[in-house]
Amino acid sequence: MPTRKQPSKTHWGESPWAIDFTPKESPFPQSADFAIVGGGFTGLASAAWLRRLAPEKSVAVFEAGRIGAGASGRSGGMALAETAAGDLPGLGNVLAGFKEITDALAIDCDLELPGAWEIAREKGIPRSPIDWEDSGTLRVIRKVPGGTLDPGKLVAGLARAAENAGAQIFDNSPIEKIEWRSTPVIHTQSRDCVAGKILLATNALSLDLTQLASHTHPKLTLAVLTEPLAEQQLEGIGLAAGHPFYTEDLPYLWGRRRRDGSVVFGGGLVDADHSHDLRRVDARQGRARELFRSIERRVRGLHPALAEVQFTHRWGGPILFRENWRPVFARHPRSDNAIVLCAYAGHGVALSSYLGAWAAEALLEARQLPAWGDPSK
Ligand SMILES: Cc1cc2nc3c(=O)[nH]c(=O)nc-3n(C[C@H](O)[C@H](O)[C@H](O)COP(=O)(O)OP(=O)(O)OC[C@H]3O[C@@H](n4cnc5c(N)ncnc54)[C@H](O)[C@@H]3O)c2cc1C
């Protein structure tokens, strides 16, 4: 059996979000009606939703590291509408659906939806609250639906909801191989589990399992956190009211304030080495280190109120792009009993839970998959 060697620990830096949840210890299952590979927003939301809709079915989540170890615990936490490719046929209202899911699962993740600002280097609105220097003058061009949440609280809330509903979560359990029999079998290094149906929610990692290497581009994307700013500083830079922002043009810059007045700023992508395994990227050196310096320089140059700002966190996380920016949401090429859901680009905070719940309904054969999710088209 070919095995995939995985470095035990990633060097992507520490995000500022706390994930206050540890799964209960339970014996490794020999079988599960539904096996979910990946314990980020997608996998955990799907597990919670599956048990909500079908409490008689067994659901097991297998996570390679700690829950939230991928993008979900490292995200900026900007809750955005639609997909990175915009609205898509049959998608529905992502933000309203996300709120319904978190309400139904009784998750408090500090969700606030005041709207998000698209900013750009020309055509700003009169009296733009943002007026920054960054390769030109950055100003607000429009307000769109959106807001912010605490990603650590969302990861923990989804995991708790899933576990309380009866799903089992196994962390530190990387799936190394799937045997595509009529009823698939998933393998960790030492154990295996016969899975009635599988959701692969592994995002930018394990592209050999999802067979997405030729359809997608995995990258590490970077973010930094400032020290808490005084209210006057936040007013000066236009972020006092808590609208997250992202540029419409390049160089890309996105960010949001946190409740303690600190501000997350992000931008910049790092490629994996020839192994195409993002786990091998060391954010403390090379291209990532250069990019952190460049983001910090850019942030200090945005506005006089930021000239002396200090940074408390620098981190990266995996992100997966499909050529046409649409999420992948399709049956696995090897089996109709498996669904692959990923590739939200930088647009997955609300969308991942929303489509995770949809995936649960599709696994129960209660809902069709969307035509736009097929990566081969
Ligand atoms: C720095 C950063 C900032 C971002 N900011 C925003 C933002 O502000 N707004 C927004 O909308 N989106 C943002 N995104 C994107 C968003 O965070 C992701 O789209 C979303 O978290 C994806 O969730 P997921 O569960 O699909 O994937 P992930 O959270 O990456 O989860 C996949 C999980 O699968 C596990 N896994 C992988 N392989 C295996 C295996 N073989 N066996 C078992 N487990 C495995 C991983 O360890 C990981 O925990 C950001 C992403 C990054 C990296």
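The stretch 291-371: which GluC sites (Glu not before Pro) are DSSP loop and have at most 12 other beta-carbon atoms within 10 angstrom? Taking the stretch 291-371 and a limit of 12 other Cβ atoms within 10 Å, the loop GluC sites (Glu not before Pro) found are Glu308, Glu323, Glu365.
Computed over the chain with a Gaussian network model linking Cα atoms closer than 10 Å, the most mobile of Pro184, Pro151, Pro89 is Pro89. Shown in residue order for the stretch 95-102 are the 3J(HN,Hα) couplings computed by the Karplus curve 6.51 cos²θ - 1.76 cosθ + 1.60 at θ = phi - 60°: 5, 5, x, 4, 5, 4, 5, 5 Hz (x for Gly and Pro).
Assuming 1.306 mPa s and 10 °C, estimate D for the stretch 1-155 with Stokes-Einstein, Rh taken as the Kirkwood radius over Cα pairs, in µm²/s. D = 85 µm²/s. When Lys and Arg each count +1 and Asp and Glu each count -1, what net charge do the other residues less than 12 Å away from Thr247, Cβ to Cβ, add up to? Cβ neighbours under 12 Å give a net charge of -2. Think of the stretch 59-145 as having a plus end and a minus end, set by charges on the Cβ of Lys, Arg, Asp and Glu; of Pro145, Gly68, Gly90, Pro145 sits farthest toward the positive end of this dipole. Starting from a Cα-only point model with no solvent, please compute log10 I(q)/I(0) by Debye for the stretch 275-377 at q = 0.14, 0.17, 0.20 1/Å. The calculated log intensity ratios at q = 0.14, 0.17, 0.20 Å⁻¹ are -0.74, -0.89, -1.04.
For the stretch 240-300, state what percent of all Cα-Cα pairs lands in each successive 5 Å bin, counting from 0 Å until the bin that includes the largest distance. Taking all Cα pairs of the stretch 240-300, the binned fractions are 4, 15, 21, 19, 18, 14, 6, 2, 1 percent. Inverting the pair-averaged 1/r between distinct Cα atoms of the chain gives 20.9 Å as its Kirkwood hydrodynamic radius. Here each label is just a point 7 Å from Cα along the line to Cβ, and for Lys143 and Ala85 those points are 3.1 nm apart. Within the stretch 121-154, the trypsin sites (Lys or Arg not before Pro) that combine a DSSP coil assignment with at most 15 other C-beta atoms in a 10 angstrom radius are Lys123, Arg127.
In order along the stretch 43-53, the Karplus-derived 3J(HN,Hα) couplings, from 6.51 cos²θ - 1.76 cosθ + 1.60 at θ = phi - 60°, round to x, 6, 4, 5, 4, 4, 6, 4, 5, 5, 7 Hz, and Gly and Pro are given as x. Taking every DSSP bridge with both residues inside the chain, close to 70 percent are antiparallel.
In a DSSP loop and with at most 16 other Cβ atoms within 10 Å, the trypsin sites (Lys or Arg not before Pro) in the stretch 159-224 are Arg181, Arg191. Note down the nm distance, to one decimal, between modelled labels 7 Å out along Cα→Cβ at Ala241 and at Glu179. Each label point lies 7 Å from its Cα, and together they span 6.0 nm. Comparing Thr102, Ala116, Gly255 along the charge dipole axis of the chain, the residue lying farthest to the positive side is Gly255, per the Cβ-charge model. Using alpha-carbon pairs under 8 Å, 6+ residues apart, how would you state the relative contact order of the chain in percent? RCO, the chain: 26 percent.
Near Ile119, the amide H atoms lying under 5 Å from its own belong to Ile141, Tyr246, Thr247, Glu248; only residues 5 or more places off or on other chains count, and H is placed 1.01 Å from N.
No lab work stands behind these numbers, since they all come straight from the coordinates. From a predicted model like this one, the values you see are computed outputs, not experimental measurements. All Cβ positions, glycine included, derive from the backbone under ideal geometry; neighbour counts span all protein chains shown.
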